[in-house]
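> Would you mind keeping the following structure in view while I ask a few things?
The values are calculated or read from the model by the stated rules, or taken from the named source; none is laboratory data. Everything numeric in this text was worked out from a predicted model, so none of it was measured. Here the Cβ is made from the backbone with ideal geometry for all residues, glycine too, and neighbour counts use every protein chain on show.
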Amino acid sequence: MKMKWMAALAPLVVASNAWSQNLQITITNLTQGTYFTPLLIAAHSSDAVMFRVGQYASPELQAIAEVGDISSMGTLLTSVSANMVENPADGLLAPGESIATTLENLEGNDYLSLASMLLPTNDGFVGLDSWMIPTEPGTYTINLNAYDAGTEANDEIVNGAGAPGEPGIPVAPGMDAGIGGTGVTSTEDNTLVHIHRGNLGDDDPNGGKSDLDNTVHRWLNPVAVVTIVVN
């Protein structure tokens, strides 16, 4: 059975900081040609997670990773009294761009997580998994990897797929994808959340295996950096 969202029916008693923390958070897209869909950033307690590497993606994570929909994950985070910021960039975060936001009054929510789909990918996302917020005030920097949700084959075909479970990539925001690709693969061997292999791409804008450009849409981890000021 696939593991679903991990949230207790009654809040767990967890150790919390003796004072109410505030976070100033800046996220920078480090890629050359990959966009981040609306970000979901949350401080939460230890009884909830957005994702876990090596476990099956929840339907809520699948919605983020395949179509960039953060609404259902936001609903779950609200149900466990998380502090949240939804879509701080007011849309896509383009390559090389940064967005700054804040989370305030975090008493009892001692872990920080975030997720956002990578476009153009089939089910790739940038994520931070339950980083324990330091009690010591200061500035902290974390490099973020790209993950594969394991829910869809990485066919690299841009076809406007608009719902979880539909094969293909919704869109290439930079309008720099090709057409006529036959598909890199039709299967996904690793169906657990794992480090993304990166886009393969090719150099044929009117055919080949992939609709993605191997000079634009490939990346190496990390794909983002987040700077967190704890005060």
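> Looking only at segment 69-90, which residues are within 18 Å of Thr101 (Cβ to Cβ) and not in a helix (DSSP H, G or I)?
Residues satisfying the conditions are Ile70, Ala82, Asn83, Met84, Val85, Glu86, Asn87, Pro88, Ala89, Asp90.
> Same structure again: From the list Ala48, Ala63, Ala57, pick out the single residue that is modelled with pLDDT under 95 and closer than 28 Å to Gly165 by Cα.
Values: Ala63 fails: modelled with pLDDT under 95; Ala57 fails: modelled with pLDDT under 95.
After ruling out the rest, the residue left standing is Ala48.
> Looking only at segment 169-204, how many residues end up being among the hydrophobic types (A, V, I, L, M, F, W, C), surrounded by 15 or more Cβ atoms within 10 Å (Cβ to Cβ) and part of a loop (DSSP other than H, G, I, E, B)?
Pass one, segment 169-204, residues among the hydrophobic types (A, V, I, L, M, F, W, C): 169, 171-172, 175, 177, 179, 184, 192-193, 195, 200.
With the extra rule that they be surrounded by 15 or more Cβ atoms within 10 Å (Cβ to Cβ), the set shrinks to 169, 171-172, 177, 184, 192-193, 200.
Going one step further and asking which of them are part of a loop (DSSP other than H, G, I, E, B), we end up with 171-172, 177, 184, 192-193, 200.
Adding up the residues that qualify gives 7.
> Looking at (1) surrounded by fewer than 18 Cβ atoms within 10 Å (Cβ to Cβ); (2) among the β-branched types (Val, Ile, Thr); (3) in a loop (DSSP other than H, G, I, E, B), which is the one condition that is false for Thr227?
(3)
> Right, another one. Which numbered condition in (1) crowded, with 16+ Cβ neighbours inside 10 Å; (2) closer than 19 Å to Pro222 by Cβ is the only one that Val53 fails?
If we test Val53 against (1) crowded, with 16+ Cβ neighbours inside 10 Å; (2) closer than 19 Å to Pro222 by Cβ, just (1) comes out false.
> Looking at segment 118-159, which of its residues are without any contact (Cβ under 8 Å) to a residue 60 or more places away in the chain and closer than 16 Å to Tyr35 by Cβ?
Asn122, Glu156, Val158
> Give the residues of segment 32-56 that are of a type outside the set (Ser, Thr, Tyr), touching a strand residue (DSSP E or B) at 6+ places or on another chain (Cβ under 9 Å) and in a loop (DSSP other than H, G, I, E, B), sorted by residue number.
Result: Gly33, Pro38, Leu39, Ala48, Val49, Met50, Phe51, Arg52, Val53, Gly54.
> Restricting to segment 150-186, name every residue that is within 13 Å of Asp123 (Cα to Cα) and hydroxyl-bearing (Ser, Thr, Tyr). Even if it seems obvious, please write down each step before you answer.
The initial filter retains those residues of segment 150-186 that are within 13 Å of Asp123 (Cα to Cα), namely 150-158, 161-171.
Listed by number, the list holds a single entry, Thr151.
> Same structure, new question: Do we find that Asn122 is assigned to a loop (DSSP other than H, G, I, E, B), touching a His at 6+ places or on another chain (Cβ under 9 Å) and modelled with pLDDT of 95 or more in this structure?
On the way: assigned to a loop (DSSP other than H, G, I, E, B): yes; touching a His at 6+ places or on another chain (Cβ under 9 Å): no; modelled with pLDDT of 95 or more: yes.
In short, no.
> Moving on to the next point. Given the condition farther than 20 Å from Thr31 by Cβ and of a type in the set (Val, Ile, Thr), answer yes or no: does some residue in segment 145-153 qualify?
yes
> Out of the residues in segment 114-150 that are polar (S, T, N, Q) and surrounded by fewer than 22 Cβ atoms within 10 Å (Cβ to Cβ), state the one that is farthest from Trp219 (Cα to Cα).
The initial filter retains those residues of segment 114-150 that are polar (S, T, N, Q), namely 116, 121-122, 130, 135, 139, 141, 143, 145.
Still in the running and surrounded by fewer than 22 Cβ atoms within 10 Å (Cβ to Cβ): 130, 135, 139, 141, 143, 145.
On the way: Ser130: 24, Thr135: 34, Thr139: 27, Thr141: 20, Asn143: 14, Asn145: 10 Å.
Looking at residues that are polar (S, T, N, Q) and surrounded by fewer than 22 Cβ atoms within 10 Å (Cβ to Cβ), I get Thr135.
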